[in-house]
Each structure stands twice: as C-alpha cells, then as structure tokens.
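A short worksheet on the structure shown next.
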Amino acid sequence: MRALSTLGSETSLDGITLEDLKAWHSDNLVPQLSSLRVVGDVSKDDVMTALSGLSERWSGEAPELTYAPAPGAPDSSTVYFYDVPGSSQSVFRFGYPSLTRTDPDFVTAGAMNYRLGGGGFASRLTQELREGKGYTYGIFSDFDGTDKVGTFTIGSGIRSNVTLEAATLVRDILSDYAETYTEEDLAVTKSFFTKSQARRFETLGAKLGALSDIADYGLPYDFVSQEIAAVEALSLDDVQGLAARLIRPDEMNYVIVGDAETQMQRLVELGYGDPVAINEAVDDLSD
C-alpha cells in the first residue's frame, strides 16, 4: 500500500529548484503567520531583549490562507477494505469527523471516552478485545482535533482470522456504552483526570505544548484549570448524554486493511452492506 508522504516523492523532489525554495520562504515565513513560544530558565525581559529589533528586520505580507472544507460525518456506516493478500493481521481504523479542539464539549468528550478506549487497561475496548478475547495486543479510541477539524477514531491491529469477530465486538461495545456507563466509571475517570494533572507539566516540552494550545487555538491562559473543573462537574447523566450523542457505531466509516480473500466478504455480517474495495482508489491517489 502506498501513501502520500509529506516528504514528497523522488519525482516531486527532483522538480524543486533553489528558486522555488526561496520563493516559498519569502511568501510563507512571515511575521503575521508566526508566534514565538519560550520555556526555560529565562526571564521575559531577557527574551524580549534578545528579540529586540526583530520586527524591523523581519517583514513580509501574509499570504491569503485557504482551507479544505471540513468533511461531513456519514449518515450511515460503510465498511471499506484495502487488500493486502496473505496478511496474517488486519488493521482497523473506525471513525468519523467529530468535535474540534475548540468545541465546548471537546474536553468532556475526552473524559467520557476514558473508559471506552482512552484509558488503556482501564478501558472496555482493551479489557474486552485484548484481555477477554485475545484478539489484539492493543486498541484505542480518541477524540482529536484542531480549530478547523476534529475526529473520533478507533484503531487496532488484530489477528486476521478474527477480523469479523473483533469488528462486531467493537460495534457492540460502542452501541451499549452510553446506557451501561456507571457511577463507578465516572469516579474512576475523575480520579484519573485529577491525579494525572500533578505531573502533567513536569517537562519543558509539556509546558511548551500548553503554550502552543493557547497560541494555536485561542484558549484562555487558565484553560487547564477550567478543563479540570469541567471534568469534575460531570454527572452520570452528562456522560451518558455525551456518549449517546457522540458515539455512533451506525454512522461510522469502518476501514480495514487485511487479506480480502479470506476476510472481506465475512464482513457483510457486520450489517452495513457489502464492503467497498478501495485498493484502486487509494493507489490512484498515490500516483
């Protein structure tokens, strides 16, 4: 399977000239599109002194930015299959477009997901598919997003011969999650989110990440405290409502990479129609 690398291809790299690079630098590396984040044993005054005169030396006009339209969530589920003949493993990516990082429910959705697939061994997906059935070494689900787009994704690599069984179990866990979420689940979640904050910003990289969130997404300077408070304020009804609204197994793209000869047609039993073979479409994108 070929992919689109951000590093380019041999053909595209051969076509880039020094003048192309200079033009890109001049057009895109401009102060209007830049922000500076500094973390370390240094004072604000020292940083500002070191940067004095930068605005006079660095100039340029910001280009007009364009963004691809955000994809819409599917109205119904479809199974897509990419064939790797003879593969002994199948790889899952199930999901759909969801909340952006700036959505008011983004953080509480992440808390809701903790017992589903965001909490490692504390999550139902791991307990059921790894510990209970031995289908996989690991499985996760998460909400991820920027200020423009967001996704909900489930990912795993599982034994090829249980592709249907694993996909069915994931679907069933998702279907039952809202109504089976308990007060105990909520207590475990709140305990994790509260205790994990104690060491969340130990490293310089973690501190820099917080500054980046503030700069990139326009979050308030006390966003961490606000997020902790939002999780602490969650009730059982709140979490069940979020799960019912945001966990939608019947409105999801089920993408599976594996051995089509032995596994693809079995997936009809998942209940979402005939799987769609996507090798040709994916390979065309890579050309």
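Here are a few things to note about the model shown:
- Subset of segment 109-125 [open to solvent by 20 Å² or more (accessible area, probe 1.4 Å), touching a residue at least 24 places away in the same chain (Cβ under 8 Å) and not aromatic (Phe, Trp, Tyr)]: 110, 115, 118, 122, 124
- Test: residue in segment 126-135 that is in a loop (DSSP other than H, G, I, E, B), modelled with pLDDT of 95 or more and open to solvent by 60 Å² or more (accessible area, probe 1.4 Å): yes
- Within segment 260-273, being in contact (Cβ under 8 Å) with a residue 24 or more places away in the chain, at negative phi and either loosely packed, with under 13 Cβ neighbours inside 10 Å or among the polar types (S, T, N, Q) (or both) holds for 261, 262, 263, 269.
- Count - residues of segment 2-37 that are in contact (Cβ under 8 Å) with a residue 60 or more places away in the chain and within 30 Å of residue 211 (Cβ to Cβ): 2
- Looking only at residues in segment 216-259 that are outside any loop (DSSP other than H, G, I, E, B), open to solvent by 20 Å² or more (accessible area, probe 1.4 Å) and among the aliphatic types (A, V, I, L, M), the one that is farthest from residue 201 (Cα to Cα) is 257.
- Among residues of segment 138-148, those that are part of a loop (DSSP other than H, G, I, E, B) and either within 20 Å of residue 128 (Cα to Cα) or open to solvent by 60 Å² or more (accessible area, probe 1.4 Å) (or both), counted: 2
- Within segment 41-60, considering residues that are open to solvent by less than 80 Å² (accessible area, probe 1.4 Å) and polar (S, T, N, Q), the one nearest to residue 202 (Cα to Cα): 43
- Residue that is nearest to residue 114 (Cα to Cα) [pool: residues in segment 193-205 that are open to solvent by less than 90 Å² (accessible area, probe 1.4 Å) and part of a helix (DSSP H, G or I)]: 193
- Entry remark, segment 16-33: residues being within 30 Å of residue 203 (Cα to Cα) and either surrounded by fewer than 11 Cβ atoms within 10 Å (Cβ to Cβ) or more than 36 Å from the chain's Cα centre (by Cα) (or both) number 1 in total.
- Checking residue 207 against (1) at pLDDT 95 or above; (2) more than 18 Å from residue 100 (Cα to Cα), the condition it does not meet: (1)
- Residue within segment 82-99 that is in contact with a Leu (Cβ under 9 Å, 6 or more places away or on another chain) and part of a strand (DSSP E or B) present: yes
- Residue within segment 150-168 that is touching a residue at least 24 places away in the same chain (Cβ under 8 Å), part of a strand (DSSP E or B), within 23 Å of residue 257 (Cα to Cα) and open to solvent by 60 Å² or more (accessible area, probe 1.4 Å) present: yes
The values are calculated or read from the model by the stated rules, or taken from the named source; none is laboratory data. None of these values were measured; they are calculated from a predicted model. Every residue, glycine as well, gets a Cβ built from its backbone with ideal geometry; the counts of neighbours run over all protein chains shown. We work out accessible area using only protein heavy atoms, side chains counted, and drop any ligands, DNA or RNA first. Shrake-Rupley method; radii C 1.70, N 1.55, O 1.52, S 1.80 Å.
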